[in-house]
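Reading through the structure tokens given below for one structure.
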Amino acid sequence: MTHEIRAIFDRIAPVYDQLNDWLSLGQHRIWKEMAIKWSHPQPGDTFLDLCCGSGDITLGLARRVGATGHVYGVDFSANLLKMAQERSQGNYPYQSTITWVEADVLNLPFDSNQFDGATMGYGLRNVKDIPRSLQELYRVLKPSAKAAILDFHRPENQQLRSFQQWYLDNVVVPIATQLGVKEEYAYISPSLDRFPGGKEQVELAYEVGFASATHYPIANGMMGVLVVSK
Ligand SMILES: C/C(=C\Cc1cc(O)c2ccccc2c1O)CCC[C@H](C)CCC[C@H](C)CCCC(C)C
Ligand SMILES: C[S@@+](CC[C@H](N)C(=O)[O-])C[C@H]1O[C@@H](n2cnc3c(N)ncnc32)[C@H](O)[C@@H]1O
């Protein structure tokens with residue numbers, strides 16, 4: 001499964017940012033800013049952005065920790081990471097404050113208790129072992145540090161659930177098809193079916209040892225941000 005997921009994101013890398021803007025009507029930037037805000041980055045902090053992709057959240061964190069802070073963007077898609085690196089090059093202060101790391105978030109190349117905070121945007125739903133991913137996140141956070149985990153999920157409201165599926169079937173996949181990535185975007189629907197809802201995400205967070213865990217539904221309940229603290 002790991003290779004399949006990595007291959008999906010390596011293939012969609014050239015159109016990823018554009019499709020996110022088109023398909024969310026630009027809203028994904030707001031949803032990501034919410035996750036950044038709720039992770040409470042402070043000037044001088046050392047932060048971690050897991051499953052960083054093309055770096056939207058990583059760059060937002062770098063703006064907040066400033067030139068005295070540092071952000072590590074971690075992803076196993078070489079193609080998306082290359083896009084992230086290209087976006088940050090030449091843009092002060094990103095060069096000095098961001099390190100891009102090609103790695104599997106299920107086996108982070110960092111010592112324990114390293115980070116003042118972390119984010120994970122649309123990544124948890126794509127890993128093959130959710131509890132393992134939460135365990136690794138817990139391990140590398142400093143005591144009392146927070147993390148904000150943003151992702152889609154199936155809304156509890158049946159009408160919204162139907163709208164979400166209609167939108168995926170009649171907007172997302174047809175537009176992705178025009179750009180030659182139909183199968184890659186068709187993957188979203190089954191990934192949602194197997195992804196836990198907010199209540200279960202909170203339970204999983206407590207099971208790996210987080211001291212607090214709260215799930216905040218956003219985008220009319222079609223997305224959510226799980227905020228945890230160690
Ligand atoms: C940034 C967004 C999605 C990231 C994303 C996550 C994945 O797991 C993928 C898997 C495979 C291919 C691509 C992705 C991927 O891009 C959110 C914006 C893009 C969404 C595809 C748009 C879907 C939005 C909601 C279902 C409905 C919003 C309706 C509203 C009227 C905008
Ligand atoms: C939908 S993208 C999200 C990218 C970015 N966070 C954003 O908000 O746009 C999911 C990302 O998770 C990465 N990913 C999935 N599983 C991973 C894993 N086990 N280790 C590292 N990266 C992973 C993919 O390569 C992809 O870049």
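Things worth noting here:
- Accessible area in the full protein assembly, largest first, 1.4 Å probe, for Y138, Y206: Y206, Y138
- Summing +1 for each Lys or Arg and -1 for each Asp or Glu among the other residues whose beta-carbon sits under 14 angstrom from that of K128 gives 0.
- Residues whose amide H lies under 5 Å from that of F115, counting only those 5 or more places away or on a different chain, are L141, K142; hydrogens are built 1.01 Å from N in the peptide plane.
- Heavy-atom surface of the chain, accessible at 1.4 Å and reported per residue (Å²): 45 Å²
- For region 29-104, a crude dipole built from +1 on the beta carbon of Lys and Arg and -1 on the beta carbon of Asp and Glu, taken about the Cα centre, is about 300 debye to the nearest 20.
- Mean separation of Cα contacts under 8 Å, 6 or more apart, over the residue count of region 2-229: relative contact order %: 19 percent
- Working note: Karplus 6.51/-1.76/1.60 with θ = phi - 60° gives region 29-38 the couplings 5, 5, 4, 5, 4, 5, 5, 4, 4, 6 Hz, where Gly and Pro are set to x.
- Long-range HN-HN contacts of Y216 with modeled amide H, under 5 Å: V225, L226, V227
- Overall Cα dimensions of region 2-229, principal axis frame, Å, largest first: 46, 40, 30
- Residue with peak Gaussian network fluctuation, the chain [Cα springs, cutoff 10 Å], from T97, T46, T68: T68
- Residues of region 48-71 with amide N under 19 Å of the 7 Å Cα→Cβ point at Y216: 48-50, 57-65
- Debye, to nearest 20: dipole size of region 128-215, +1 on Lys, Arg Cβ, -1 on Asp, Glu Cβ: 240 debye
- If R0 equals 30 Å, the separation of the Cβ atoms of Q135 and S189 corresponds to a calculated FRET efficiency of about 0.65.
- 3J(HN,Hα) along region 125-132, derived from phi through the Karplus expression 6.51 cos²θ - 1.76 cosθ + 1.60 where θ = phi - 60°, amounts to 5, 9, 7, 7, 9, 4, x, 5 Hz, with x in place of Gly and Pro.
- With 0.36 nm allotted per residue and the present C-alpha distance subtracted, the V171-N91 stretch has 25.4 nm of extension available.
- Distances between placed amide hydrogens fall under 5 Å for I98 paired with V71, all partners being 5 or more residues away or on another chain.
- About the Cα centre, charge dipole magnitude for region 2-229 (Lys/Arg +1, Asp/Glu -1 at Cβ), debye: 340 debye
- Proximal charge balance of S112 [Cβ under 13 Å; K/R count +1, D/E count -1]: +1
The values are calculated or read from the model by the stated rules, or taken from the named source; none is laboratory data. Values in this document were obtained by computation on a predicted structure and should not be read as measured data. FYI the Cβ positions are ideal-geometry reconstructions off the backbone, even for glycines, and counts take in every protein chain you see. Only protein heavy atoms, including side chains, enter the accessible area calculation; ligands, DNA and RNA are left aside. Shrake-Rupley method; radii C 1.70, N 1.55, O 1.52, S 1.80 Å.
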